[in-house]
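Worksheet: one structure, shown below.
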Amino acid sequence: MLHGKKDGITLADGKYTMYVSVAHQQININKYDSPYEYEVNIPKEYIEIFHHLFDQTNELEFFNFLRAHLPYVPYHYDRDNHKVDLRLYKMYALIHEFTDDESRAVIERMPFFQQQVVTHKGAGNM
């Protein structure tokens, strides 16, 4: 869900200044609406991508909750966990693309950013 005013601050190049919280899975127009980790200048059509990634992650996390009650499926063999990880990589890739240099440098220091992402069969599908 897009939080804040209906029309965000539009920059000269048609991008919107948005505030993203990966931890809270939110994207806001107003920086004071909720805590955030990253400020991005993003085209309007990419805002919906964040919403889809957040929604998919929430759904997968629910399946992970159910799976956690089955002790015979180890975490590292669970495909839903790989699907959550893949969406997290995509979120950080989007943020990396549209954020400032300081935040970009922080993301580039993250361990998963420096390694090749290995996808598992079906990990990209819901």
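If you stretched the chain out fully between Glu37 and Glu108, how much longer would it get, using 0.36 nm times the residue separation minus the C-alpha to C-alpha distance? Don't jump to the answer; show the numbers that get you there.
Numbers: separation 71, 0.36 × 71 = 25.56 nm, distance 1.49 nm.
Here the segment from Glu37 to Glu108 would lengthen by 24.1 nm.
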Phi-derived 3J(HN,Hα) across the stretch 20-25 with the Karplus relation (6.51, -1.76, 1.60, θ = phi - 60°), rounded Hz, x for Gly and Pro, is 10, 10, 5, 4, 9, 6
Net charge over other residues, Cβ less than 11 angstrom from the Cβ of Leu86 (K, R count +1; D, E count -1):
+2
For a label point 7 angstrom out from the Cα of Asp100 toward its Cβ, which stretches of the stretch 36-50 have the backbone nitrogen within less than 20 Å?
36-43
Once fully extended, how much extra length lies between Asp55 and Arg67, figured as 0.36 nm per residue of separation less the alpha-carbon to alpha-carbon distance?
2.5 nm
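Within a Cβ distance under 14 Å of His51, other residues only, what is the Lys/Arg minus Asp/Glu net charge? Walk me through the numbers before you get to the answer.
On the way: positive: Lys44, Arg87, Lys90; negative: Glu45, Glu48, Asp55, Glu59.
Computed value for this residue: -1.
Where a number appears in this text, it was derived from the coordinates with a stated rule and is not lab data. A quick note: this is a predicted structure, and the numbers were derived from the prediction, not measured. So basically every Cβ, Gly included, is an ideal-geometry build from the backbone, and we count neighbours across all protein chains shown.
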